[in-house]
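J.: Sharing a structure, written as structure tokens. Questions coming.
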Amino acid sequence: MRNYRWVVLVMYIFAGIISQIMWITFSPILPIVERIYSIGEAEVGMLSAVYPLVFIVFALPVGWYVDKSGFRKAVLTGSAFFAVSGFLRAFASSFTALLAFQTLGAVGQPFIFNSISKLVKSWFPEEEAGLATGLGSISLFIGTIIGLGATPALTVAFGFRNMLLVYALAATFILVLFYLFGKESGMVEEEEYRFREYVEVLKNRNVLILSLIAFIGVGIFTAYLTWVEPVMEEHGLSVETAGITASALLLGGIAGSIVIPAASDKVGRRKPFLYVCFVLSALLFYVHTLASGMTELAILLFVLGFFFISALPLSLDLSATSVGEKYAGTANSSLWLLSQIGSVVLIVEFESLASAFNWNSTLLLSSALFLLSLALTALIKE
């Protein structure tokens, strides 16, 4: 059983990957979707924007469900939403139907995201918790990279609807895999939770502070990737090379989400590593305003992603540790809720700031916000 925990984690990683693929499906083939459904760019954008909006509504109730029923039922529920909506998307005859089925799939994402710390606290000893959380978190970035790269290729090779069917079949396959191998660490009984206990978890000092940090960190991540093309164009890159260069941020994040949490496991502390992540992120976003050229920016973004993104698994694990295994799902739901709100707010703020000044002003804002995250980290009790 000792080694089986890694099997369970791999099954979770597959579920996380498909959740991101289902979210990002339509972004890299925007002109094709416009042509098929005779709609504009704004409508296509709604297919991705609906995910954070739905997440805001379902985050806290799903966190409660994860703690009551265990991560296995939660991940299976989320995976089922993706499988069903995947097939429905493939046969959508109108944009309205496509948006409705995409919204149905969006309901599945909170079940996946809110389960990682519950899984880790159930299966992994404390000295491996950071690494396990990091590995679970990188599924979100791997899924984004796969979705951005594979969707255009599959669409060209097999057609739009067959591409959607491929993703639906993949979602169904992962649902079956998790049903077979995604086991709980022991017998899990649904427990009664008083509303007062639930509220106390959400009022926990560390959970509140880490939720504010998630608002900033994930908000910046989402806003930066949303507007990455105009940011890169301001630094001398073409539209064609902007996306390729920006992928270095995700690759750096994948590496950092393994290395830094593993190092924090060795030390037995999370807070010092958060300090390092936020100090360097603030510095590197400032350096970003001065950098130009594809190679220089790619190197900068890889290093930035290494420290910037690795703060996520550290925060998720620290929030769960602050309240214990029983309430890990609820604690994570608070972080994810604020992160989605932050994404919506900062996407709008970045565009507004760039319109008033330039896109470099959004990088300076990011730098300042990471200094604020640094100050908030000082208030955390570990």
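The values are calculated or read from the model by the stated rules, or taken from the named source; none is laboratory data. All values derive from a computational prediction rather than experimental measurement. Using ideal geometry, Cβ is built from the backbone for each residue, glycine included, and neighbour counts are taken over all protein chains shown.
J.: Only one residue in SER79, SER94 is farther than 20 Å from LEU140 by Cβ and either surrounded by fewer than 18 Cβ atoms within 10 Å (Cβ to Cβ) or in contact with a Leu (Cβ under 8 Å, 6 or more places away or on another chain) (or both). Which one?
T.: Sole residue among the options that is farther than 20 Å from LEU140 by Cβ and either surrounded by fewer than 18 Cβ atoms within 10 Å (Cβ to Cβ) or in contact with a Leu (Cβ under 8 Å, 6 or more places away or on another chain) (or both): SER94.
J.: Can you pull out every residue in the stretch 351-360 that is surrounded by 15 or more Cβ atoms within 10 Å (Cβ to Cβ) and in a helix (DSSP H, G or I)?
T.: Within the stretch 351-360, GLU351, LEU353, ALA354, ASN360 qualify.
Quick grid of which residues meet (1) in contact with an Asp or Glu (Cβ under 7 Å, 6 or more places away or on another chain); (2) assigned by TED's automatic domain parsing to the domain that holds GLY159; (3) in contact (Cβ under 8 Å) with a residue 12 or more places away in the chain; (4) not hydrophobic (A, V, I, L, M, F, W, C):
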site: TYR37; (1), (2), (3), (4): no, yes, yes, yes
site: ASP67; (1), (2), (3), (4): no, yes, yes, yes
site: ALA92; (1), (2), (3), (4): no, yes, no, no
site: GLN109; (1), (2), (3), (4): no, yes, yes, yes
site: PHE113; (1), (2), (3), (4): no, yes, yes, no
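J.: If LEU297 satisfies every condition in (1) surrounded by fewer than 22 Cβ atoms within 10 Å (Cβ to Cβ); (2) out of contact with any Gly (no Cβ under 6 Å at 6 or more places or on another chain) but one, which is the exception?
T.: Every condition holds for LEU297 apart from (1).
J.: Quick one: which of VAL348, VAL303 is assigned to a helix (DSSP H, G or I), at negative phi and free of Cβ contacts under 8 Å to residues at least 24 places away in the same chain? Quick ask: steps written out before the conclusion?
T.: Numbers: VAL303 fails: free of Cβ contacts under 8 Å to residues at least 24 places away in the same chain.
Going through VAL348, VAL303 in turn, the sole match is VAL348.
J.: Taking the condition touching a Phe, Trp or Tyr at 6+ places or on another chain (Cβ under 8 Å), crowded, with 20+ Cβ neighbours inside 10 Å and not polar (S, T, N, Q), does LEU284 pass?
T.: Details: touching a Phe, Trp or Tyr at 6+ places or on another chain (Cβ under 8 Å): yes; crowded, with 20+ Cβ neighbours inside 10 Å: yes; not polar (S, T, N, Q): yes.
Taking the combined requirement at face value, the residue satisfies it.
J.: On the basis of being crowded, with 16+ Cβ neighbours inside 10 Å, modelled with pLDDT under 95, under 22 Å from ALA59 (Cα atoms) and not hydroxyl-bearing (Ser, Thr, Tyr), does LEU154 make the cut?
T.: no
J.: Conditions: (1) touching a Leu at 6+ places or on another chain (Cβ under 6 Å); (2) at pLDDT below 90; (3) within 21 Å of SER339 (Cα to Cα); (4) among the aliphatic types (A, V, I, L, M). VAL44 meets all but one. Number of the miss?
T.: The number of the failed condition is (3).
J.: Can you work out which of the residues in the stretch 228-262 that are out of contact with any Gly (no Cβ under 9 Å at 6 or more places or on another chain) and among the β-branched types (Val, Ile, Thr) is surrounded by the fewest Cβ atoms within 10 Å (Cβ to Cβ)?
T.: The qualifying residue surrounded by the fewest Cβ atoms within 10 Å (Cβ to Cβ) is VAL239.
J.: Here is a check on your reading of the model: is ILE174 at pLDDT 85 or above, out of contact with any Lys or Arg (no Cβ under 8 Å at 6 or more places or on another chain) and under 25 Å from LEU297 (Cα atoms)?
T.: no
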